[in-house]
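Q: Got a structure for you, written out below as structure tokens; questions coming shortly.
Coordinate-derived values only; no laboratory data. Keep in mind it's a predicted model, so treat the numbers as computed, not measured. Cβ atoms come from the backbone with ideal geometry, glycine included; neighbour counts cover every protein chain shown.
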Amino acid sequence: RTVYVNGEYLPEDRATISVFDRGFLMADGVYEVVSVLGGKLIDFDGHMARLQRSLSELAIANPLSEAGYLDAHRRLLAENAITDGLVYLQVTRGNPGDRDFAYPSADTPPTVVMFTQSKPGLADAPAARTGWKVVSVEDLRWGRRDIKTVQLLYPSMAKMEAKARGADDAWLVEDGRVTEGTSNNAYIVKGGTIITRELGHDILHGITRAAVLRLAAEAQMKVEERSFTIAEAQAADEAFITSASAFVMPVVQIDGAAIGTGTPGPVAARLREIYLEESRSAGL
Ligand code: PMP
């Protein structure tokens, strides 16, 4: 695979990062994941806008323009012959040459890394026909989950707990209410209304969430942005999650309780279809 490091395109086994890089020592960096369907980048502008916001919140200067990122994404897709898959992009505060809690001087160049993952048939995942099982896990992450940092240890721990309990993912719960999944936003459907937590510092502002809520409104579906409990989710007609890599994925079981009929519901199926259709035509 060819990967991108600080302006260079290299075979993955020749790409290197300093041991002093603050991304490595302190998880001092942010990332984005853009899906690729039929060679097109899905929601690219949205991901770039969120990247800029994450960097601004951490006072890291954005080292590339949006056009620069787009060129790099396209070159990696071409060099790696990717039709369906993902592009992972990470920007860290870079290498200050030593370890220190204080940020290094502002002229320290950030480290930029990009790589592709090939996932043939990404949009036809068999799981979309059977749905995911999720379990609830206490949300013990930090208080700025709206910044997409590479600090992903707690979500990894929650994912491992979910797997150990025979589930596909965990829904994180804070003060008795669902925040989001380990790497996705969480939704329930009751009486035809789509319910998902309101934006704030406690969840990531999903790019897929924004697109799906816009498409739902355009399709005259009712949307309520508010939090919900696990008990309310278990009593819902449907549940689902959204993310750049899973698109819209039905959830059919929460903590062992079947949701609705225990099979993917019509609202999730319809949203998945219209999201994929729009993405395919609007992709860059
Ligand atoms: N929440 C969290 C915690 C995530 O990690 C992600 C995906 N990275 C999402 C939500 C979904 O965001 P998006 O739709 O932009 O992929």
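Q: Add +1 for every Lys or Arg and -1 for every Asp or Glu among the other residues with Cβ under 10 Å from the Cβ of Ala167, and state the total.
A: Result for the local shell: 0.
Q: Based on other C-beta atoms within 10 Å, arrange Leu76, Leu122 from fewest to most.
A: Exposure proxy ranking, most exposed first: Leu122, Leu76.
Q: Taking amide H positions as placed 1.01 Å from N in the peptide plane, with prolines and chain starts having none, which residues 5 or more places from Gly94, or on another chain, fall under 5 Å of its amide H?
A: It is Arg22, Gly23, Thr111, by chain and number.
Q: Select from the range 1-91 those chymotrypsin sites (Phe, Trp or Tyr not before Pro) which occupy a DSSP coil region and have at most 15 other Cβ atoms within 10 Å, ordered by residue number.
A: Taking the range 1-91 and a limit of 15 other Cβ atoms within 10 Å, the loop chymotrypsin sites (Phe, Trp or Tyr not before Pro) found are Phe20.
Q: Another question, then. Starting from the amide H of Val3, placed 1.01 Å from N in the peptide plane, find each other amide H under 5 Å away whose residue is 5 or more places distant or on another chain.
A: Sorted by chain and number, the residues that satisfy this are Leu10, Glu12.
Q: Could you state the angle between the C-alpha long axis of helix 66-79 and the longest principal axis of the C-alpha atoms of the chain, as a value from 0 to 90 degrees rounded to the nearest 10?
A: With both axes taken from Cα atoms, the answer is about 90 degrees.
Q: If you don't mind, there's one more thing I want to ask. May I have the pair-distance distribution P(r) for the range 9-161, computed from all Cα-Cα distances with 10 Å bins from 0 and rounded to whole percent?
A: Histogram of Cα-Cα distances, whole percents per bin: 10, 32, 36, 19, 3, 0.
Q: Can I ask one more? Ordered by residue, what ³J(HN,Hα) values in Hz, to whole numbers, does the range 152-168 give under the Karplus form 6.51 cos²θ - 1.76 cosθ + 1.60, where θ = phi - 60° and Gly and Pro are x?
A: Listing the rounded values in order: 10, 5, 5, x, 5, 4, 5, 5, 5, 5, 4, 4, 4, 8, x, 10, 8 Hz.
Q: Additional query: Restricting to Cα pairs below 8 Å that are 6+ residues apart, what does the relative contact order work out to for the chain? Please round to a whole percent.
A: With pairs under 8 Å counted, the relative contact order is 19 percent.
Q: Please report, to one decimal in angstroms, the Kirkwood hydrodynamic radius of the chain built from all distinct Cα-Cα pairs.
A: Over the chain, the inverse of the mean reciprocal pair distance is 19.7 Å.
Q: Moving to a separate point now. Can you give the Rg/Rh ratio of the range 127-282, where Rg is from the C-alpha atoms and Rh is the Kirkwood radius?
A: Checking Rg against Rh, the ratio lands at 0.93.
Q: Which number gives the lysine pairs in the range 127-282 that have C-alpha atoms under 26 Å apart and are eight or more places apart or on different chains?
A: Value for the range 127-282: 8.
Q: Here's a follow-up. Take each of the peptides 247-253, 208-214, 167-173, 261-267, average the number of other beta-carbon atoms within 10 Å over its residues, and list them starting from the highest.
A: In descending order of packing, they fall as 247-253, 167-173, 208-214, 261-267.
Q: Name the long-range amide H neighbours of Thr179: under 5 Å, sequence gap of 5 or more, or other chain; modelled H, no Pro or chain starts.
A: Amide H neighbours of Thr179, under 5 Å, 5+ apart: Leu172, Val173, Glu174.
Q: In whole Hz and in residue order, list the ³J(HN,Hα) couplings for the range 263-268 that follow from phi through the Karplus curve 6.51 cos²θ - 1.76 cosθ + 1.60, θ = phi - 60°; x for Gly and Pro.
A: Going residue by residue, I get 10, x, x, x, 5, 4 Hz, with x marking Gly and Pro.
Q: Extension gain Glu57-Leu152, at 0.36 nm per residue separation less the Cα-Cα distance, in nm?
A: Value of the extension gain: 32.4 nm.
Q: Using the 10 angstrom Cβ neighbour count as an exposure proxy, how do Ile241, Ile195, Ile254, Ile17 rank, fewest first?
A: On the way: Ile241 28, Ile195 21, Ile254 24, Ile17 16.
Going from least to most buried by this count: Ile17, Ile195, Ile254, Ile241.
Q: Rounded to the nearest 0.05, what FRET efficiency is calculated for Arg75 and Glu138 with R0 set to 30 Å and r the Cβ-Cβ distance?
A: So the FRET efficiency works out to roughly 0.10.
Q: Give me the distance between the Cα centres of the range 73-147 and the range 1-67, rounded to whole Å.
A: The range 73-147 and the range 1-67 have Cα centres spaced 7 Å from each other.
Q: Where the convex hull is taken over the Cα atoms of the range 1-96, what is its projected area averaged over directions, in nm²? Display every interim value, and only then the final one.
A: Values: hull surface 24.2 nm².
With the hull built on Cα positions only, its mean projection is 6.1 nm².
Q: Okay, next question. Over the alpha carbons of the range 90-169, what is the largest minus smallest coordinate on each principal axis, giving the biggest first in Å?
A: Principal axes ranked by extent give 51, 33, 21 Å for the Cα atoms.
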